[in-house]
């Protein structure tokens, strides 16, 4: 198989541009919103209120039990049938945020439960309310435990954003599709896109290691 290296080098700029302008902002926005939602759902799952706990369980069950692509299509193609029409970007952010929320909620819940009960008792002994104990004592320790799985979720999200190309969001993979369709060099362009995704994930993995080291001081030994 001959490779048009001139095309590969000339297309690298548009692909990186697609990552900077599309993939990375879409990933960051979806992950931040997804984490906020995940924390809320995790606390609902841990709540003593039966209704809140049941709603949290139902949400997690639906998100984890259905494909991300189906969720994306329901929001972008399905909602207009009931009068709710969203542009591609908001649709993608909503779909990815909901998906992250469902998976990350269980990670956060497990991390909170992993903190020894003695930490709660110690916080109450010095006069902290349950909310204060959660914010000042429990969550910092749970954060360290949750970093590896949440980092994996983040890295998976980077790759999952390629699905946004199916609803016409211009990101890294859609840029590769457009260049490949014009040049007919599908193998070279798709492998090039894969390489860019790989480099992004390597950088994120390195950042994960550094974050774990910084959070070590919050762990109770």
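Just so you know, all these numbers are worked out from the coordinates, no wet-lab data involved. All of these numbers come straight from a predicted model, not from anything done at the bench. Quick reminder, even Gly has a Cβ in these numbers, built from the backbone with ideal geometry, and neighbours come from all protein chains shown.
Values computed for the structure shown
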item: Acute angle (nearest 10 degrees) that the helix 88-114 long axis makes with the longest principal axis of the chain, alpha-carbon atoms; result: 40 degrees
item: Answer label for mean projected area of the Cα convex hull in nm² (calculated), chosen among (i) 11.4; (ii) 15.3; (iii) 13.3; result: (ii)
item: Gaussian network model of the chain, Cα within-10 Å springs - most flexible of 150, 69, 98; result: 69
item: Alpha-carbon centroid distance for the pair the range 155-183 / the range 185-213, whole angstrom; result: 15 Å
item: GNM top mover of 129, 205, 61 - the chain, alpha-carbon springs below 10 Å; result: 129
item: Cα centroid separation, the range 95-139 to the range 1-69 (Å); result: 22 Å
item: Within a Gaussian network of the chain (alpha carbon springs, distance under 10 Å), most fluctuating of 175, 119, 141; result: 119
item: Nearest 10 degrees, 0 to 90: helix 24-46 Cα axis against the chain principal axis; result: 30 degrees
item: Relative contact order (%) - criterion: Cα under 8 Å, at least six apart; region: the range 5-218; result: 29 percent
item: Helix 139-160 vs. the chain, principal-axis angle (Cα, 0 to 90°, nearest 10); result: 20 degrees
item: Packing-based order for 180-193, 45-58, using average beta carbon neighbours within 10 Å, highest first; result: 180-193, 45-58
item: Efficiency of FRET between residue 58 and residue 12 - r from beta-carbon atoms, R0 35 angstrom, step 0.05; result: 0.20
